[in-house]
1. Considering the options 192, 131, 221, tell which one lies farthest towards the positive end of the dipole of the range 98-246, charges being +1 on Lys and Arg and -1 on Asp and Glu at the Cβ, about the Cα centre.
2. Kindly write out, for the range 61-70 in residue order, the coupling ³J(HN,Hα) from the Karplus curve 6.51 cos²θ - 1.76 cosθ + 1.60 (θ = phi - 60°), rounded to whole Hz, with x marking Gly and Pro.
3. Just want the answer: with Cβ charges of +1 for Lys and Arg and -1 for Asp and Glu, which residue in 178, 16, 55 is farthest toward the dipole's positive end in the chain?
4. Taking the range 116-181, how much of its Cα-Cα pair set, in percent, is spaced more than 16 angstrom apart?
5. Could you list log10 I(q)/I(0) for the range 68-227 at q = 0.09, 0.21 Å⁻¹, which the Debye formula gives when each Cα is one point scatterer?
6. When the chain is fully extended, how far beyond the present Cα-Cα distance does residue 276 get from residue 42, taking 0.36 nm per residue of separation?
7. Rounded to whole Å and ordered largest first, report the semi-axes of the equivalent ellipsoid of the range 3-284 derived from its Cα gyration tensor (root of 5λ).
8. Taking every pair of alpha-carbon atoms in the range 58-137, what share in percent sits in each 10 Å bin, from 0 to the bin with the longest distance?
Amino acid sequence: MKVGAHVSTAGGVDKAIDRALEMGAEAVQIFAAAPQSWRRREFTPEEMDAFRARAGETGIGPNYIHGPYLINLASPDPSLVGKSVEALVRDMEVCHRLGMQGVIFHLGSHKGAGLEAQFRQVVECILQVLSRTPEDVWLVLENSAGMGGAVGSRFPELGRIVKAAGHPRVKVCLDTQHMFAAGYDVRTREGLEAAMEEFDREVGLERLVAVHANDSKCPLAGGVDRHENIGQGYIGREGFLNILSHPAFRGLPFLLEVPGADGSGPDRPNVEALKELRAAAHSAH
């Protein structure tokens with residue numbers, strides 16, 4: 001199990017590897033575009049080659065791109081859906097060029113139309129992205145915290161989409177904060193056991209490829225997407241020890257998306273906190 005972090009690509013995508021090394025992270029996640037904009041950042045071929053070389057020589061990986069937050073495959077607005085598909089296709093292409101595993105993204109919100117009305121559209125968009133992108137990259141669906149018509153906060157909903165797509169390149173990333181906010185009590189052995197049994201039954205553990213490791217500012221079943229630093233939120237150190245000890249997560253990259261001590265994102269203290277918990281979980285077995 002590797003401890004990774006979301007890092008900035010300021011100054012060139014290859015700088016992401018140096019930032020990971022500085023904080024002790026063993027895998028990275030990046031944005032290939034501004035998260036709140038449809039505008040693209042064009043990485044130069046030299047930058048991309050340098051990223052691949054640096055990742056190779058440092059052993060940092062598996063690495064992922066996080067799609068823009070604007071993506072919404074469940075939207076009733078056709079122009080927004082079209083832009084979402086194009087953004088995913090471009091991110092998947094960059095992912096391939098960088099030698100990364102896949103693109104993690106939020107499915108979006110049906111905006112009150114109801115999932116039934118938008119279900120086929122979501123599945124068809126996923127299949128369209130897959131048909132237009134390289135075979136060696138995964139399209140990774142992330143569970144949501146469940147606010148405002150967000151799709152995929154409960155595992156039966158996520159599983160239904162995965163099964164309907166029926167494609168081997170569709171994978172899942174579980175966000176610990178989103179799980180907790182959606183009502184899955186990952187703090188207790190019983191709660192986590194029940195959650196992962198449900199995940200295996202509805203989605204399939206073989207689809208799980210990454211974890212977004214985030215503590216929660218929001219209480220259990222609060223339905224809000226609010227990340228906290230490791231051990232400082234409602235999940236707490238004991239909750240993460242519980243998660244890291246569970247066999248379902250063995251061998252997966254844990255990617256931090258926490259605010260950090262100064263609010264500028266994942267940092268060394270959070271990486272070290274997670275590594276300490278990993279060691280404690282390991283020695284408990």
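Derivation of every value follows stated rules applied to the coordinates shown; laboratory data play no part. What you see is a predicted model; the values in this text were computed from it and never measured. Don't worry about glycine lacking a Cβ; one is built from the backbone with ideal geometry, like all the others, and counts go over all protein chains shown.
1. 131
2. For the range 61-70, the Karplus-derived couplings read x, x, 10, 9, 9, 9, x, x, 5, 6 Hz, x marking Gly and Pro.
3. Value computed over the given set: 178.
4. In whole percent, the share of Cα-Cα pairs in the range 116-181 beyond 16 Å is 46.
5. -0.27, -1.43
6. 80.5 nm is the gain from fully extending residue 276 to residue 42.
7. Each semi-axis is the square root of five times an eigenvalue, giving 26, 25, 16 Å.
8. 19, 48, 24, 8, 1
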